[in-house]
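Chemist: Got a structure for you, written out below as structure tokens; questions coming shortly.
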Amino acid sequence: LRFIVPAVMYAAERIVTIRRTRQPVTLLSVTSMKPNVFSLEIEKSGPFEMKTNGREPYSEGQYCFINCPHLSQFQWHPFTISSAPFDKTVTFHIRKSIPGSWTDELYDYLLSLGDSKTGRVTFSRNIGAERVSGKIIGPDGLALLKIDGPHSAPTQHISKYENVMVIGAGIGVTPVASASKSVVFHKWRTSVGKVFPNNGYFYWVVSHRDVDSFRWLIRLIKDCQDEVSHQRSKATSAYQHKFEFHIFVTSAKNPKPVKLHIAKEDELSFWGAKTEEGGIAKTKGPFDESTLYSALKCPVLGEVKQLGNVYVHNGRPNWRAEFARVKAYHPESTIGVAFCGNEHIAKDLKRQSAAFSNVEQNSLFRLHLENF
């Protein structure tokens, strides 16, 4: 009996997985961003179909396993969803690895299916006599992509808390992108009065050598600052939401100032797509993407560069100081802490969450983490 029960559970799980991965995945576009990143844009159908109860098909920062049958029927690789749940489409930002790797071959294959001179390939297909957006089947007759997911992640819990600290390090920053976008562009924009979360403190720990791989995130941070500035210009009640984005640049040895001049036609391949295209004119934040990029490329040791509500630090975070500061802002409250990143930071966050929690004072830090 002790072998039968696990076997039945495993078989049931495999059946569910097989059924889930057979759902058609509609790829809308692929965008190439220099030097080594590309994004997949996928239709909200199949594995991302709206739930019957009206809820979005995934939560902030959840991840999926992606398979490309053209490359291999058996290789599945995990990637975090970079879009927010309310977005009209689903996106994944993928960093290419070494030549010949699975990510490198996926990039080459998908871009070969269209004209990539602009840095972006859009797909379409025929349904009867009608031409519609998106492609499901590749030229070899196989599905372009298969997806297993979405699967749970620490940031999916942020809606339980009035105050949150959302932290990402290295490749674990993608959930921070999804969460910040969801909070600023959806929860704060569409809600009246107190929302969950009502205050957001976002943290990104990045090695200086990796900054160029995350220029798409620099654009997103800029867009979030613009949206916060716009909301505050339209209504003083928007000031009730505390928004901070702290970036800690590590291993910045002898950084040098950079000067950028990017032609308009090259913006997409340099920064990636904007969070919102067109629409009404907005109040802008006090900096642009180039200013923030320059601050990250040349962080000043011992100083904090403030750009609106964004703070650039040279060096590793002092988590004890950060927890103390956030607790001082919100005494007698429960603060959600979500982290995705390396084990060393995870251990420090565990220590600080325990050290700054006090049941008698009704002050708690609840940590949700995924480390690797």
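The values are calculated or read from the model by the stated rules, or taken from the named source; none is laboratory data. Since the structure is predicted, the reported quantities are computational estimates derived from the model, not experimental observations. Virtual Cβ from ideal backbone geometry, glycine too; neighbours counted across all protein chains shown. For accessibility, only protein heavy atoms count, side chains too; no ligands or nucleic acids. Shrake-Rupley method; radii C 1.70, N 1.55, O 1.52, S 1.80 Å.
Chemist: Per residue of the range 231-239, what does 6.51 cos²θ - 1.76 cosθ + 1.60 with θ = phi - 60° give for ³J(HN,Hα)? Whole Hz please, x for Gly and Pro, Karplus curve as stated.
Modeler: Computed from phi, the couplings for the range 231-239 are 4, 6, 6, 8, 7, 5, 5, 5, 5 Hz.
Chemist: Using the Karplus curve 6.51 cos²θ - 1.76 cosθ + 1.60 with θ = phi - 60°, what ³J(HN,Hα) values do you get for each residue of the range 196-208, in whole Hz, with x for Gly and Pro?
Modeler: Each residue's phi maps through the Karplus curve to give 10, x, 8, 9, x, 10, 10, 9, 10, 9, 9, 6, 4 Hz.
Chemist: Of all accessible surface on the range 109-231 at a 1.4 Å probe, what whole percent is carbon and sulfur?
Modeler: Heavy-atom surface of the range 109-231 belonging to carbon and sulfur, 1.4 Å probe: 50 percent.
Chemist: If you take every DSSP beta bridge whose two residues both sit in the range 246-372, what share of them, in percent to the nearest 5, is antiparallel?
Modeler: 30 percent
Chemist: Using modelled amide H (1.01 Å from N, peptide plane; none on Pro or chain starts), what sits under 5 Å from the amide H of residue 207, excluding residues fewer than 5 places away?
Modeler: 170, 250
Chemist: Would you look at the GNM of the chain, springs on alpha carbons closer than 10 Å, and say which of 74, 123, 245 moves the most?
Modeler: 74
Chemist: May I ask you to give the percent of accessible area on the range 301-372 that is carbon plus sulfur, with a probe radius of 1.4 Å?
Modeler: Carbon and sulfur atoms account for 47 percent of the accessible area of the range 301-372.
Chemist: Once every Cα of the range 228-352 carries one equal point scatterer and solvent is ignored, give the base-10 log of I(q)/I(0) from the Debye formula at q = 0.12, 0.17, 0.19 Å⁻¹, two decimals.
Modeler: After summing over all Cα pairs, the log10 values are -0.66, -1.20, -1.31.
Chemist: Only helical DSSP H runs with n ≥ 4 go in: add -39500 (n - 2.57) per run for the chain, normalise by residue count and round the 222 nm mean residue ellipticity to 500 deg cm²/dmol.
Modeler: Result for the chain, helices only: -8000 deg cm²/dmol.
Chemist: A follow-up question, please. Would you kindly state the longest site-free stretch of the chain, with sites defined as trypsin sites (Lys or Arg not before Pro) in a DSSP loop (not H, G, I, E, B) surrounded by at most 16 other Cβ atoms within 10 Å?
Modeler: 285-372
Chemist: Which GluC sites (Glu not before Pro) in the range 215-276 sit in a loop by DSSP (not H, G, I, E or B) and have at most 13 other Cβ atoms within 10 Å of their own Cβ?
Modeler: Listed in order of number, the matching sites are 276.
Chemist: What's the center-to-center distance, using Cα atoms, between the range 96-157 and the range 295-345 in Å?
Modeler: Between the Cα centres of the range 96-157 and the range 295-345 lies a distance of 36 Å.
Chemist: Ordered by residue, what ³J(HN,Hα) values in Hz, to whole numbers, does the range 82-96 give under the Karplus form 6.51 cos²θ - 1.76 cosθ + 1.60, where θ = phi - 60° and Gly and Pro are x?
Modeler: Each residue's phi maps through the Karplus curve to give 8, 7, 8, x, 7, 4, 6, 10, 10, 10, 10, 9, 10, 9, 5 Hz.
Chemist: Hey, got the dipole for the chain? About the Cα centre, +1 on K and R Cβ, -1 on D and E Cβ, debye to the nearest 20?
Modeler: Dipole size: approximately 440 debye.
Chemist: With every protein chain kept in place and ligands, DNA and RNA left out, what is the accessible area per residue of the range 234-350? Probe 1.4 Å, answer in Å².
Modeler: On a per-residue basis, 57 Å².
Chemist: Oh, and also: Taking the mean number of other Cβ atoms within 10 Å as a proxy for protection, how do you rank 328-340, 195-207 from highest to lowest?
Modeler: Ranked by mean Cβ neighbours within 10 Å, highest first: 195-207, 328-340.
Chemist: Moving on to the next point. Does the range 241-299 come out rounded, prolate or oblate, given a ≥ b ≥ c as the square roots of the eigenvalues of its C-alpha gyration tensor, rounded meaning a/c under 1.5 and, failing that, prolate meaning a/b above b/c?
Modeler: oblate
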